[in-house]
Every structure is written in structure tokens, then in C-alpha cells.
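The values are calculated or read from the model by the stated rules, or taken from the named source; none is laboratory data. Because the structure is a prediction, the values reported are computed rather than measured. So basically every Cβ, Gly included, is an ideal-geometry build from the backbone, and we count neighbours across all protein chains shown. What goes into the accessible areas is simple: the full protein's heavy atoms, side chains included, and nothing from ligands, DNA or RNA. Shrake-Rupley method; radii C 1.70, N 1.55, O 1.52, S 1.80 Å.
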Amino acid sequence: MSSDPAPTPALARRDVLRFGAGAAAGLVAARSFGAAPASATPAAPPAPPTLASTGPILKPLPPEWFVTYGTNAEMRWDSVDPRRYLTPAERLFVRNHTSTPTIDPATYALRIFGDGLTDARTPERAHVLSYRDLVRLPSRTVTSLLECTGNARSYFASQQGTPASGTAWQLGAVGTVRWTGVPLALVLRSLGLSPDAVDVQATGLDPSFVSGGVDYGRVRRPFPVAKALDDALLVYAMNGRALPPDHGFPVRLLLPGWVGIANIKWLGELEVSRSPLTSPWNTKWYRMTGGDYPADAPPLTVLPVKSAFELARDAVLPARRRTVLTGRAWSGAAPVARVDVSTDGGTSWERARITRHGRGGGWAQWAYPWRPRTSGPQVLLSRATDRAGRTQPATVPYNDNGYLFSAVVRHPVVIA
Ligand SMILES: Nc1nc2c(c(=O)[nH]1)N[C@H]1C(S)=C(S)[C@@H](COP(=O)(O)O)O[C@H]1N2
Ligand SMILES: [Mo]
């Protein structure tokens, strides 16, 4: 990267100063935050129960915390601590198309180019932002969901009898994280954004994705300039510490509330364009195809409303004793308004208590005390409704890649 021809520093000091006094105060905060992001660790994380893995994911994946599928790993809901609101970095699911790259922050470069900049730039003449440049810019911290578009895909098979292709996630490819980064709007405006710009394409630095003998190139996906200017962040920290390698170190994109694939990890390039951009990740994948969907269904954006119990499937619960069932509910569109629970397979429903409302774009926590009267197998269900008026349906229409399974999930337990 450092050997690329004639890089131009993207944001000169005068650009930073143009952001004004408020931003300058933010700049100081960002600087002290960014001074030593990897080592400024207030407390060591709890020691993971098993040794580090040597696969496509670098962090330890103890089986008590994760279910692994090749290059991907999902969080076990029964390992979630109901007292903690945020998903700790070491517990967050990982979805890798290939494998986690090791990137040196000293040579890291984010290249920004395209004809959507007022001073149109070819990739060869890209603006270049270093890691140091980024962490010195004014930052914002937001709480937001991260959820894989295919989360809960396995239920297309087990609940609807129509298996969909892709990783057979249960409900654990989701988390809520406090992200810190630089607003993309600030960077684009300071570089000069053409009023005719329509799309931005984000490209990762991980290896090219090869599937079925076809090389699709680096993982990349376009999104509208409107989202870039609204709340997109160039993220370099999660939960107050540097991004872990598996989650995009040193810098990833965050498009709050949008499907997982929109949040490109190991961000290497941003192309800003006056004409619509495409990639296989918005034309071939991450759109609804098959089933009753039209051939021209749009690329997926906002996450649906969903919920989960913090409980193992087939968990054993005591008969005639009070158990407090807990869980979480989330939506990419709006805060969660209510959660209803059924403890009899969906015959009757009662309202759960929201014990913690979502912070920003994060999930809500809920609780439902239950005293099972009879022993034997039983099916629990939870059904969330968000403030945008969306409620989890009983079933969802099939699509070939099993995206956005937002129907109510049946959770079997045994009363003993
Ligand atoms: N560069 C790159 N970005 C990526 C991916 C990837 O494989 N490469 N996977 C995407 C998908 S499909 C998801 S769901 C999220 C997962 O983020 P996480 O691994 O930090 O949980 O990252 C997205 N960004
Ligand atoms: Mo994903």
C-alpha cells in the first residue's frame, strides 16, 4: 500500500480547521482517544476458556460461546449475560467471506476516489487517509446493532420446510456494540462532494472471494450518498477499544440499522460516483431472489424486527417453580415498542416487560416470569413489535438465499 504511486494526504490541517470550533474540541477528544487505541485498555477482558483458534477467524471461539461454520461463527444465546447490555467484542459473531487479514495500522491507507468528488479522482490519484489521520478527526460514538442478513436462516428449513442456501445460522449472528468513528459525511464534505454524487462503494482489504470457481474480487458493496451523509461512520473502535482484527481492524464502515454486509470490514477503498454503482454483493447476493420475489427486487438495506430468548434450545426448566425468561428484541428501523411471549406453542400470548430500552440503534432487553404447571416438552415463542409498526409475522416468504428470516422462532424447552 505504501508503494502506491503519489498518494496525496486526504485531509490537510486546514481542512480539519474548516470544521470549526465545535469540531476542533472533538478533534482534541479524538486525538486523546486515538493516541494509543490498541493499548489503552482499562481492564483486561476475562480470559477465554479455550486456546486461540488457527482458522479463518483469529479470536478464540470457545464452544461454550460460539457455534462455528467454516469461516463463520455465531454467538450462543444461552451464553449471553442478561446483566450486560452490550455484546463484548470477544463474544460477537464473525462472518468472513474468506479470512481475517492482519493489517499494519502504520501502513494502512483508506483510498477515496471517484467522479462524485468535486475534484474527480481516478483510483491512481485517490485521496489517502492513514489510520493516524482518521483517529485525529472529530469522532462520534453510537450504539448500534450488527446483524448478518442471513441470521436465523436455518428456520427456513426447520420451521417452513423450505431450506435456503447459505450458513445455517440460528439466531446468534447479531450483537449490539458501541462504535466510535469518524462521520463519513465529514470526510466527504471536506474532500468536496459533487451535488451529482449518487453512490459510494466500499471495498474491503481481505482476500478476493472465490466461489464455485469464480473470482468475484474483493468484498465490496455500494450504498446511496444519502446514507453516507446521514449516519455512516468510519469506525475504529468498538466498546471503547480498538477494533479486534476479526471485526475489521483497523477501520470498518458502519451503516447503522442496515444489513451486516453493508458494514464493510478492513475498509480499503471508497469510490464516490455520479452514476449508480454495482457489485455482486448488491446484484447477485443480498437482494431477494427466488420464491415469489420479482427479478428486480432492490438491494437489501434496513434490518427487520426480531427477538430471541437468552436460553439454550431444549433447555430444561423446573416445573412448578418460577423462572424468569429473558431475551432481547431488535429492529433496524426503530426502537422496540413491545414484546409478547407465548409459553404454550403460540395458543396464548402475554406481554413481556421491557427491562432496558434500546440505546440509540441497539436492542431492547425484556423479561417474562413463568411458572410452568405441567412437565413435558413445551414450545416458547417471542414476538417483537417496533415503533415503526412492524411486528414479527408467523411465517415469512421464501427467498433462495434465506435472507431476513424475521418470523417468530419456535424455541423448544423441556419442563422437568
Ligand atoms: N471486507 C469484508 N467486510 C465484511 C464481510 C467480509 O467478509 N469482508 N462480511 C460482511 C458480513 S456478511 C457481515 S454479516 C458482517 C459481519 O461483521 P462481523 O464479522 O464483525 O460480525 O461484516 C460484513 N463486512
Ligand atoms: Mo452477513
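Summarise the accessible area of the stretch 306-415 (1.4 Å probe, protein heavy atoms) by the percent that is carbon and sulfur.
About 47 percent, which is the carbon plus sulfur part of the accessible surface.
Just to be sure I understand: with springs between alpha-carbon atoms less than 10 Å apart, which residue in 155, 368, 69 has the highest mean-square fluctuation in the Gaussian network model of the chain?
69
First select every other residue whose beta carbon is under 11 angstrom from the beta carbon of residue 334; then total the charges, Lys and Arg +1, Asp and Glu -1.
Net local charge, residue 334 excluded: +1.
Count charges around residue 80 for me, please; just the other residues with Cβ under 9 Å from its Cβ, Lys/Arg as +1, Asp/Glu as -1.
Overall, the nearby charge balance is +1.
In Å², and per residue, what accessible area does the stretch 306-415 have when probed at 1.4 Å with the other protein chains present?
45 Å²
What residues of the stretch 207-235 lie in the reach of a label at residue 165, counting those whose backbone N is under 11 Å from a point 7 Å from the Cα along Cα→Cβ?
212
Which distance in nm do the two modelled labels at residue 122 and residue 157 give, with both placed 7 Å along the Cα-to-Cβ direction?
Once both label points are built, they end up 4.9 nm from each other.
Of all DSSP beta bridges located in the stretch 306-415, what percent are antiparallel, nearest 5?
90 percent
Heavy-atom accessible area per residue, the stretch 69-219, 1.4 Å probe: how many Å²?
About 37 Å² of surface per residue is accessible.
Summing +1 for each Lys or Arg and -1 for each Asp or Glu, what net charge is found among the other residues whose Cβ lies under 12 Å from the Cβ of residue 355?
+3
Run the dipole for the stretch 306-415 about the Cα centre, Lys and Arg Cβ at +1, Asp and Glu Cβ at -1, nothing else charged, and hand back the magnitude in debye, nearest 20.
The calculated dipole for the stretch 306-415 is roughly 480 debye.
What Rg and what Dmax come out for the chain when only alpha-carbon atoms are used, in angstroms?
22.1, 74
Hey, can you rank 288-300, 81-93 by average C-beta count inside 10 Å, highest first?
81-93, 288-300
By the gyration tensor of its Cα atoms, with a ≥ b ≥ c the square roots of the eigenvalues, what is the shape of the stretch 306-415: rounded for a/c under 1.5, prolate for a/b over b/c, or oblate?
Taking the square roots of the gyration eigenvalues as a ≥ b ≥ c, the stretch 306-415 is oblate.
Only bridges whose two residues both fall in the chain count here: according to DSSP, what percent of them are antiparallel, nearest 5?
So the antiparallel bridges amount to about 90 percent of the total.
If you count, for each residue, the other Cβ atoms within 10 Å and average over each peptide, how do 205-216, 376-387 line up from highest to lowest?
Ranked from most to least packed, the peptides come out as 376-387, 205-216.
Reachable lysines from residue 284, Cα under 26 Å, same-chain residues fewer than 8 places away excluded?
By straight Cα distance, residue 284 reaches 227, 265, 306.
If each of residue 196 and residue 333 carries a label point 7 Å out from its Cα toward its Cβ, how far apart are those two points in nm?
Computed distance between label sites residue 196 and residue 333 equals 3.5 nm.
Assign unit charges at the C-beta atoms only (+1 for Lys and Arg, -1 for Asp and Glu), then state the dipole size of the chain relative to its Cα centre in Debye, rounded to the nearest 20.
Its charge dipole is roughly 1420 debye.
Picking from 216, 253, 319, whose Cα lies most toward the positive end of the charge dipole for the chain (charges on Cβ: Lys, Arg +1; Asp, Glu -1)?
So the residue furthest toward the plus end is 319.
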